[in-house]
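Inspection log for the structure reproduced underneath, given as structure tokens.
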Amino acid sequence: MDIKKNVLKTGTTTLGLLCKDGVVLAADRRATMGNIIADKKAQKIHQISDNVAMTIAGTVSDAQLLIKLIKSEVRLKKIRTGKDPIVKEISNLSSRLVYNNIRQMSMIPGVTHFLMGGKDIHGFQLYDIFVDGSITECEDYVASGSGSITAYGVLETLYTKGLSVEEGVKLALKALNAALQRDSASGSGYDIISVTDEGFKKVIGEQINTNITA
């Protein structure tokens, strides 16, 4: 028996857009286990603090554990210093955790890919924290997961510098829709959030009903 085939993974589509007045993050809700849809309501966008959020892709158990560790470290940092860590500090912490996680010997590969968006005294920022622990600061948009190729086609065509959060949400929805139409590992629903001057906000959450009724 191949243990890799029995590990719950997120064949997924997640994406982030940097806007003039905020950051938009979006993700589908389907988690797969090989060819089986294991969860139709998977939470792939996580609020880290009042002004920072992350999307997850990869091995679910590892991603969930790392999110918990990141949240804990952010809270401890605030307790120790009396202020929230800046977005770059959180991205560096996350990358170190990812770097160490994927290099640990394990029967289950700890593959995780995070997209992080947030706001601090330096403005709005978007980071790609890749599966090897590397960090890329994104100046426009980024996508991850099995549906990212399809999503990138939409983002490459329609993204423009200086778009608003409202426009970013509409573009994120178009990119997600394209991925959901063509990527079998993405689907079941979607969530879109924004981080603006007002903080974290869930903009859209939709469950797709595929039940057949007589």
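Summary of computed values
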read-out	value
Residues (on the phi > 0 side of the Ramachandran plot and at pLDDT below 90) located in segment 188-214	SER188, GLY189
Residues of segment 86-119 classified as more than 30 Å from GLY34 (Cβ to Cβ) and touching a residue at least 24 places away in the same chain (Cβ under 8 Å), total	10
Residue that is farthest from LYS201 (Cα to Cα), among those in segment 20-35 that are assigned to a strand (DSSP E or B) and small (Gly, Ala, Ser)	ALA31
Breaking point among (1) under 25 Å from SER146 (Cβ atoms); (2) out of contact with any strand residue (DSSP E or B) (no Cβ under 7 Å at 6 or more places or on another chain); (3) modelled with pLDDT of 95 or more; (4) not hydroxyl-bearing (Ser, Thr, Tyr), for ARG96	(1)
Entirely in segment 119-187, the strands (runs of 3 or more DSSP E) that have 1 or more residues that are within 15 Å of ALA26 (Cβ to Cβ) and at pLDDT below 95	141-144
Tally, over segment 181-201, of residues that are more than 18 Å from GLU167 (Cβ to Cβ) and under 15 Å from the mean Cα position of the chain (by Cα)	5
Residue check for PHE114: among the aromatic types (Phe, Trp, Tyr), surrounded by 14 or more Cβ atoms within 10 Å (Cβ to Cβ), touching a helix residue (DSSP H, G or I) at 6+ places or on another chain (Cβ under 8 Å) and within 23 Å of LEU15 (Cβ to Cβ)	yes
Failed item, numbered, when ALA31 is tested on (1) surrounded by fewer than 22 Cβ atoms within 10 Å (Cβ to Cβ); (2) closer than 24 Å to GLY147 by Cα	(1)
Subset tally (residues that are touching a helix residue (DSSP H, G or I) at 6+ places or on another chain (Cβ under 9 Å) and either closer than 28 Å to VAL165 by Cβ or not aliphatic (A, V, I, L, M) (or both)) for segment 81-105	9
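The values are calculated or read from the model by the stated rules, or taken from the named source; none is laboratory data. A quick note: this is a predicted structure, and the numbers were derived from the prediction, not measured. FYI the Cβ positions are ideal-geometry reconstructions off the backbone, even for glycines, and counts take in every protein chain you see.
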